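The values are calculated or read from the model by the stated rules, or taken from the named source; none is laboratory data. Just so you know, these numbers come straight off a predicted model, no measurement behind them. Cβ atoms come from the backbone with ideal geometry, glycine included; neighbour counts cover every protein chain shown. In case anyone asks, the SASA skips ligands and DNA or RNA and just uses the protein heavy atoms, side chains included. Shrake-Rupley method; radii C 1.70, N 1.55, O 1.52, S 1.80 Å.
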Amino acid sequence: MTNEKITAMPVKKTQIHLTATLSLTLRLHERAWILTGSRSLSTSLVQQILEVSQDGVVFETENTVYYLTYARRPAEIEVMCA
């Protein structure tokens, strides 16, 4: 038997761009709940919160990277990430 080098290739995650709002606070190791139009959807568990701004948030779940632009800007006192 010969020795062969095995290289693990990183899995490229699906990217989803949405204009929506978060219905609950975005937290690591929990599902994100997103409201878009009249639909509500949940994600797989959040692994990383990559970017937070006044206009939106970018976060990564087990399967997907979400680029969420807020449909409405959150109130100043709201906390969107914890």
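Report the gain in length on full extension from ARG72 to THR2: 0.36 nm times residue separation, minus Cα-Cα distance, nm rounded to one decimal.
Stretched out fully, the ARG72 to THR2 stretch lengthens by 19.2 nm.
Along its principal axes, what span do the Cα atoms of region 6-74 show, with the longest given first and each in whole Å?
48, 20, 19
Run the accessible area of the chain with a 1.4 Å probe and give the carbon-and-sulfur part as a rounded percent.
C and S atoms contribute 52 percent here.
For the pair TRP33 and HIS17, how long in nm is the line joining their label points, each one 7 Å along Cα→Cβ?
2.8
Probe of 1.4 angstrom, ligands and nucleic acids ignored: what's the accessible area per residue over region 9-49, in square angstrom?
Value returned for region 9-49: 72 Å² of accessible area per residue.
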